[in-house]
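Bear in mind these aren't lab numbers, they're just calculated from the coordinates by the rules spelled out. Nothing here was measured: the structure is a model prediction, and the numbers come from that model. Counting neighbours? That spans all protein chains shown, and the Cβs are built from the backbone with ideal geometry, glycine included.
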Amino acid sequence: MSGFNKSFNRGFTLIELMVSLVLGLLISAAAVQIYIANARTTTFQKSGSELQDVSVFGIQQLESHIRIANLGNSRTSINDTTSQGGIVLTGFNLDIVSKTTDPKTNEVIQTDEYKDLQLLTRSTGDTKANGTTQKWTGVSNMSGTNSDQLTIQYTNITGSEMIDCENNQVDKNAMVIERYFVRQSTQKNGTLVLACDAGRLVADTSKPGQGIKTIQKFTGGDTRDFGGEGMEKITNVDQFNVLLGTQQRPIKDPASGKITTQPGMLYLNSYAYNKLTGEKPPITSVKIGLIVSGSTAVLGNEDQTAFELFDQTQVLTDATKDARSKKVRNVYQSTILLRNARAI
């Protein structure tokens, strides 16, 4: 009896193999999708927390300091020439002037002697400082427009110590000058921050009895020295803009060219305000606006490159679009009434 051998092939058929591969791909795709969703949610939550910190801590602290501008000044109607005026636009506001007497009229003539103009309130149109200086450079992540700088002053007449924006103690009756500006972060390259630089104003002892002030100089890297890099208050800032609110609106008569005022609110940046001719209207409020981003780009986030700030469309620079357009961004706007400045 002749025998024969039976052979068996073991394994997947072609159809079974294809089904297995498809199922594996589907499971892998689902796992990747879950990972992306979780990573996106985590990044959103982190960015949301950072932006919430900006709103709760950074902006509220900024508002509280701006609100007390002009504290301790007996003059409540302030403009660019007001002695000790809470919004610092010129050396006249700081009392950093020279005084001469007209021999014919005995009128005292004051001349602005303050030279560090990039430490005063500044905006687009004003001359910027160049290089890596800590003065106002107008640096911004928005195309075609500068960031602004706001400089304020006040006197501590509260009867107790205060804290300035750099967390330094302010003695009773001390005069404080603070400026808020955008600069490069010293902690993270390529990141812009809103910083505050605070100093002190004192009587100029070289000109006694004239009511002339000077900015106090400190030694040894004292953070009370005005004109330095200041303290970082808000990080990941793309833009910082400031408008000055005047309670009276200047009107120019087209026939006579005479400028008069009428009741109403007008908001101008500092450059436009300084360009007004004649006696300028009193400043009673300040509008601040910021565009702030989270620190991390969000996976799959839609690009947003244009933002509305003070009814103006601002667009990220090309470099910022490439590197940071997928970050979560918020626009903050606030109107701050100056409690110690009134037009009446």
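Here are some notes:
- Sequence-ordered 3J(HN,Hα) estimates for region 82-92 from the Karplus curve with 6.51, -1.76 and 1.60 and θ = phi - 60° stand at 5, 4, 6, x, x, 9, 8, 10, 9, x, 4 Hz, glycine and proline given as x.
- Of Lys275/Lys326; Lys104/Lys252; Lys99/Lys280; Lys213/Lys258; Lys99/Lys287, pairs whose Cα-Cα distance is over 30 Å: Lys275/Lys326; Lys104/Lys252; Lys213/Lys258; Lys99/Lys287
- Amide H to amide H distances under 5 Å link Ser140 with Ser147, where only residues 5 or more positions off or on other chains count and H is placed in the peptide plane.
- Taking amide H positions as modeled 1.01 Å from N, with prolines and chain starts lacking one, the residues under 5 Å from Arg200 and 5 or more places away or on another chain are Ile177, Gln216, Phe226.
- Signed unit charges on C-beta, dipole axis of region 44-337, positive-most listed residue Gly211, Pro281, Ile163: Pro281
- Alpha-carbon Debye profile of region 58-114, log10 I(q)/I(0) at 0.12, 0.23, 0.24, 0.25 Å⁻¹: -0.38, -0.90, -0.93, -0.96
- Rounded to whole numbers, the Karplus 3J(HN,Hα) couplings from phi for region 67-75 are 4, 8, 3, 6, 4, x, 9, 6, 8 Hz, using 6.51 cos²θ - 1.76 cosθ + 1.60 with θ = phi - 60°, and x at Gly and Pro.
- Computed log₁₀ I(q)/I(0) - Debye formula, equal Cα scatterers, no solvent, region 163-315, q 0.10, 0.21 Å⁻¹: -0.58, -1.28
- Charge tally in the Cβ shell below 11 Å around Leu94, where Lys, Arg are +1 and Asp, Glu are -1, Leu94 excluded: -4
- Listed values for region 187-199 are Karplus-derived 3J(HN,Hα) couplings in whole Hz (6.51 cos²θ - 1.76 cosθ + 1.60, θ = phi - 60°), namely 9, 9, 4, x, 10, 9, 9, 8, 10, 10, 10, 10, x, and x replaces Gly and Pro.
- Stokes-Einstein diffusion for region 201-274 at 25 °C, viscosity 0.890 mPa s, with a Kirkwood radius from C-alpha pairs, works out to 142 µm²/s.
- Centroid-to-centroid separation of region 203-218 and region 59-74 [C-alpha atoms, Å]: 24
- Amide H partners (placed H, <5 Å) of Ala174, local residues excluded: Asn156
- Summing Cβ point charges (Lys, Arg +1; Asp, Glu -1) relative to the Cα centre of region 44-337 gives a dipole of roughly 300 debye.
- The Cα center of region 79-130 and the Cα center of region 131-187 differ in position by 18 Å.
- Given in Å, the Rg to one decimal and the Dmax to the nearest whole number for the Cα atoms of region 44-337 are 20.2, 75.
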